[in-house]
Amino acid sequence: MKVYDIYSKRHKILMGEVPDVYQYEDIPTPLRVQIVHIMSDALGEQENQETLNMYKFIHDTLCREYGKFSLIPKINLHLIDYIEDVRNFILQNEDINQVLDVVELSFKVIDIFYREEDTTELTEPQIIPDDAIEELNYRFREHGVGYQYESGEIIRVDSQIIHSQTVKPVLHLLSDSRFQGANEEFLKAHEHYRHGRYKECLNECLKAFESTMKTICDIQGWTYQPGDTAKNLINLCFQNNLIPTYLQTQVTSLKSSLESGVPTMRNKNAGHGQGSQPLTVPQYFAAYQLHMTASTILFLLEAEKALS
């Protein structure tokens with residue numbers, strides 16, 4: 001990872017001039033420039049045709065989604081410089097969500113295509129995908145910008161401790177193909193959260209929670225009904241000693257906590273009709289739900305691993 005502990009950075013830390021909390025409304029110019037540097041290193045030399053093809057794919061994909069012909073306004077569409085346009089879009093765009101769009105798509109290309117293909121003869125990248133992703137996430141943290149690239153998506157980070165100790169391990173465990181449904185739902189919950197769709201976030205949290213338990217039941221051969229609720233699935237997991245009996249007696253409140261946590265908050269705030277007054281789910285509540293879901297899923301996945 002191309003990160004150097006230069007004097008000016010050490011001085012800022014000494015003077016307390018580094019951010020100690022995350023912000024989500026701005027991507028500072030130095031961070032944008034660093035992202036362009038990382039992409040340049042990871043995607044290869046500018047003169048290489050395969051590199052140009054990758055930038056064209058990024059450019060054209062975003063244009064199609066935005067309903068535009070070019071990311072940067074052009075009089076003559078035949079003069080599009082795909083590499084420069086993608087870079088300038090990152091450097092100049094004031095819409096943070098669109099900047100994150102291009103970063104996410106670009107790093108998906110780096111993460112998936114450049115990992116699967118033998119790129120040594122194609123683009124001669126200066127850094128491997130893992131190093132590119134590691135540096136990107138480091139730069140986000142360095143600038144106090146609360147986003148990270150995880151499992152193919154940009155997700156919002158509210159607490160680095162919670163993220164590193166809970167969310168990241170959950171994403172790793174759910175990357176197992178058997179948990180594909182739960183993984184997709186948990187990532188959707190993060191996507192809704194990042195865009196402020198907090199009711200939808202709660203819905204996806206419950207889906208991921210229930211899908212995790214159903215998959216564990218499938219793996220272990222425990223019979224359940226397709227329409228079983230979270231409460232029924234929790235009971236089934238306990239009945240089949242997903243949690244050892246001696247541990248159940250030590251933490252008698254665990255079952256009650258699982259039953260009344262994720263599903264109850266979702267049902268009270270997102271799972272039913274709103275009535276005459278629209279329900280508003282505050283951001284801090286959705287964050288709590290997201291982290292509770294991650295902690296609960298992590299607990300269940302580790303318990304299932306212990307059965308093997």
What number of residues within the range 189-229 are closer than 18 Å to F179 by Cβ and not in a loop (DSSP other than H, G, I, E, B)?
-> 20
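Using the structure shown, decide if R64 is farther than 16 Å from Y149 by Cα, among the basic types (K, R) and surrounded by 18 or more Cβ atoms within 10 Å (Cβ to Cβ). Spell out how you get there, then give the answer.
Numbers: farther than 16 Å from Y149 by Cα: yes; among the basic types (K, R): yes; surrounded by 18 or more Cβ atoms within 10 Å (Cβ to Cβ): no.
So R64 fails the test.
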Go through the residues of the range 80-91 one by one and say whether even a single one is more than 21 Å from I35 (Cα to Cα) and at pLDDT below 95.
-> yes
Output the residues belonging to the range 96-144 that are at pLDDT 90 or above, touching a helix residue (DSSP H, G or I) at 6+ places or on another chain (Cβ under 6 Å) and within 23 Å of D5 (Cβ to Cβ).
-> A132, E135, L136, R139
Hey, any hits in the range 206-221 for a residue that's surrounded by 20 or more Cβ atoms within 10 Å (Cβ to Cβ) and within 19 Å of Q283 (Cα to Cα)?
-> yes
Could you count how many residues in the range 96-116 are under 12 Å from L62 (Cβ atoms) and free of Cβ contacts under 8 Å to residues at least 12 places away in the same chain?
-> 0
The range 202-227: number of residues that are modelled with pLDDT of 85 or more, within 24 Å of I155 (Cβ to Cβ) and not polar (S, T, N, Q) | 10
Cβ pairs under 6 Å, 6+ apart, first in the range 217-229 and closer than 13 Å to N241 by Cα, second surrounded by 10 or more Cβ atoms within 10 Å (Cβ to Cβ) and at pLDDT below 95 | C217/Y224; W222/L236; W222/N240
Count of residues meeting criterion [within 17 Å of F107 (Cα to Cα) and not acidic (D, E)] in the range 64-87 = 4
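The values are calculated or read from the model by the stated rules, or taken from the named source; none is laboratory data. These figures come from a predicted structure and were not determined experimentally. For neighbour counting, all protein chains shown are included, and Cβ atoms are generated from backbone atoms with ideal geometry for every residue, glycine included.
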